[in-house]
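Data block below; observations after.
The values are calculated or read from the model by the stated rules, or taken from the named source; none is laboratory data. Please read these numbers as outputs of a predicted model, since none were measured by experiment. FYI the Cβ positions are ideal-geometry reconstructions off the backbone, even for glycines, and counts take in every protein chain you see. Note: accessible area is taken over every heavy atom of the protein model, side chains too, but ligands, DNA and RNA are not part of it. Shrake-Rupley method; radii C 1.70, N 1.55, O 1.52, S 1.80 Å.
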Amino acid sequence: MTDRVIARQIGSNPDAAPDMAPAIDVRAIRRATGMSQAEFAAAYEFSVRTVQEWERGAKKPSGPARTLLRAIKADPEGLRKALGAA
């Protein structure tokens, strides 16, 4: 998609603007923790289904979930402790 097409799309319907946020590789983040999908979901208070949908690309994490995933990537054990899951 070109910048011109994006600008036209936003101009005609701001609510339909494309998601320009950088992709988050949930599978890579989870694998780096050494956890299964179920363990990862339980540890960080996601549903297993949500983790599965993110990993297969059916849905993208957004808002607070993106922030939480970035925090998990930076310090998975520290975040588990902060959530009381350690």
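Couple of notes before you dig in:
- Residues of segment 1-28 classified as assigned to a helix (DSSP H, G or I) and either modelled with pLDDT of 95 or more or among the hydrophobic types (A, V, I, L, M, F, W, C) (or both), total: 8
- Residue, surrounded by the most Cβ atoms within 10 Å (Cβ to Cβ), within segment 29-78, restricted to residues that are aliphatic (A, V, I, L, M) and assigned to a loop (DSSP other than H, G, I, E, B): 35
- Filter result for residue 81 (open to solvent by 40 Å² or more (accessible area, probe 1.4 Å), free of Cβ contacts under 8 Å to residues at least 40 places away in the same chain and either outside any loop (DSSP other than H, G, I, E, B) or out of contact with any Leu (no Cβ under 6 Å at 6 or more places or on another chain) (or both)): yes
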